[in-house]
Amino acid sequence: MALRVKKYKKSPYWQIRGSVAKRHVHQTSYTTSKKEALAIAHKLETQIREEELLGRHPPATFADAADVYEKSGGETKYLLKLLDYFGTKQLSKIGQQEINDAVEALYPNAKASTINRSLISPYITVVRAAIKAELPGAVLRPIERRRETKPIVTPADDDHIAKLLPHCSEGLAALITLMTYTGLRTGEALRVKKEDCKDGFVSVGKTKNGKPRSVPAPHGWTYPEMGFGFNTTQGVGRALRKASTRAGLDYRDGHELGRHSFAYRWLKAGNSLKALKQAGGWDTLKIVDEIYGHLEQSPINDTMIELSRKKP
């Protein structure tokens, strides 16, 4: 049999994969039984061979589009979840209502940004790949992305951090110091090991966007002898709550103490958003502008005043 079944960690169902009569198959069986999945694969293979023999070319399904997209080297991070949901549904029959139904089924309590990133954008990208490959019946019906609300940034200032650190354990204090002066996310900082700290730089092999980073170690900072003492961001959060209470401060989470404070400090010093993007390892300048644009303290006002002093 040309088609085979395979199990992936991210899905409870057996996946059917392979090529039959020059048609690529990558779809879910919607069953947790390998025996049933093999039977479905056999029936599908027979159907494809009969269609090829009769010269029939059925309209492209999401599974067809996903296979083309994956083989072109596309990002597959969110693909399996969409495959499980849309399966062999024809692209021409997927519109805004079907996308809304998918949101309710797959991401019922998610933020607009998560829905756009994990469902709508991947779906549109996959279908565009199918259209480019000229799959029969491949069409992208109008799909609207969810409107995202601008995040409220509440960075902790230097005074807050200075009052907090004496009430932190050695490992927690080292972690916060690393984050607030490098812009590393909590999860990224937790992955740093002693061997990653060499010649005044700290290396992070895996970041949120998948790109490795190397950042200058804060002045006078050393990796704690016993490590940070945490395995999860939740553990860091619990420790920060206790430290904040001891210090008599309002609670600020790792992102406010770290990445937000790093950006605030950077912009307050008169540096640009573009430079912040590079320093903090953000993917696009648009993201940095949306989150931190209102904090920028570039010398625009000073320049305008200085120009006004000059006589025409």
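Okay, here's what the table says:
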quantity: Close pairs (7 angstrom Cβ cut-off, 6 or more residues apart or separate chains): without any contact (Cβ under 8 Å) to a residue 12 or more places away in the chain in the range 258-278, among the β-branched types (V, I, T) anywhere; calculated: K277/V288
quantity: Selection status of R259, basic (K, R) and surrounded by 16 or more Cβ atoms within 10 Å (Cβ to Cβ); calculated: yes
quantity: Count of residues meeting criterion [hydrophobic (A, V, I, L, M, F, W, C) and under 12 Å from P224 (Cα atoms)] in the range 177-189; calculated: 1
quantity: Candidates L106, L91, filtered to the one that is surrounded by fewer than 17 Cβ atoms within 10 Å (Cβ to Cβ) and either among the aromatic types (F, W, Y) or touching a Leu at 6+ places or on another chain (Cβ under 8 Å) (or both); calculated: L106
quantity: Condition check for V127: of a type in the set (V, I, T), within 18 Å of G87 (Cβ to Cβ) and not assigned by TED's automatic domain parsing to the domain that holds D67; calculated: no
quantity: Every residue from the range 120-137 that is among the hydroxyl-bearing types (S, T, Y) and either over 14 Å from G73 (Cβ atoms) or not in a helix (DSSP H, G or I) (or both); calculated: S121, Y123
quantity: Qualifying residue in the range 55-66 (condition: within 34 Å of the chain's Cα centre (by Cα), surrounded by fewer than 18 Cβ atoms within 10 Å (Cβ to Cβ), modelled with pLDDT under 90 and small (G, A, S)); calculated: no
quantity: Answer residue from the range 153-173, given it is aliphatic (A, V, I, L, M) and outside any helix (DSSP H, G or I) and is surrounded by the most Cβ atoms within 10 Å (Cβ to Cβ) among those; calculated: A156
quantity: Of residues in the range 179-192 being touching a Gly at 6+ places or on another chain (Cβ under 8 Å) and not in a helix (DSSP H, G or I), the one surrounded by the most Cβ atoms within 10 Å (Cβ to Cβ); calculated: L184
quantity: First in the range 246-257 and in contact (Cβ under 8 Å) with a residue 40 or more places away in the chain, second anywhere and buried (at least 18 other Cβ atoms within 10 Å of the Cβ) and of a type in the set (G, A, S), Cβ under 6 Å, 6 or more apart; calculated: R252/A156; E256/A156; L257/A156
quantity: Residues located in the range 137-190, provided they are on the phi > 0 side of the Ramachandran plot and under 24 Å from the mean Cα position of the chain (by Cα); calculated: G183
quantity: Condition met for R246 (outside any loop (DSSP other than H, G, I, E, B), basic (K, R) and out of contact with any strand residue (DSSP E or B) (no Cβ under 8 Å at 6 or more places or on another chain)); calculated: yes
quantity: Yes/no for I176 being surrounded by fewer than 21 Cβ atoms within 10 Å (Cβ to Cβ), of a type in the set (A, V, I, L, M, F, W, C) and not in a loop (DSSP other than H, G, I, E, B); calculated: no
quantity: Residue in the range 20-28 that is at pLDDT 85 or above and of a type in the set (V, I, T) present; calculated: no
quantity: Test: A65 is without any contact (Cβ under 8 Å) to a residue 24 or more places away in the chain and in contact with a helix residue (DSSP H, G or I) (Cβ under 9 Å, 6 or more places away or on another chain); calculated: no
quantity: Test: residue in the range 196-208 that is without any contact (Cβ under 8 Å) to a residue 60 or more places away in the chain, assigned to a helix (DSSP H, G or I) and under 16 Å from E256 (Cβ atoms); calculated: no
quantity: Counted residues, the range 210-235 - those being farther than 30 Å from T76 by Cβ and in a helix (DSSP H, G or I); calculated: 1
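Condition check ((1) over 23 Å from R265 (Cα atoms); (2) touching a residue at least 60 places away in the same chain (Cβ under 8 Å); (3) of a type in the set (S, T, N, Q); (4) outside the structural domain of P212 (by TED's automatic domain parsing)) across all residues:
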position: R117; (1), (2), (3), (4): yes, no, no, yes
position: S121; (1), (2), (3), (4): yes, no, yes, yes
position: G137; (1), (2), (3), (4): yes, yes, no, yes
position: P142; (1), (2), (3), (4): yes, no, no, yes
position: R145; (1), (2), (3), (4): yes, no, no, yes
position: K150; (1), (2), (3), (4): no, yes, no, yes
position: I176; (1), (2), (3), (4): no, yes, no, no
position: T182; (1), (2), (3), (4): no, yes, yes, no
position: K193; (1), (2), (3), (4): yes, no, no, no
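The values are calculated or read from the model by the stated rules, or taken from the named source; none is laboratory data. Please read these numbers as outputs of a predicted model, since none were measured by experiment. No Cβ is skipped: glycine too gets one built from the backbone with ideal geometry, and neighbour counts run over all protein chains shown.
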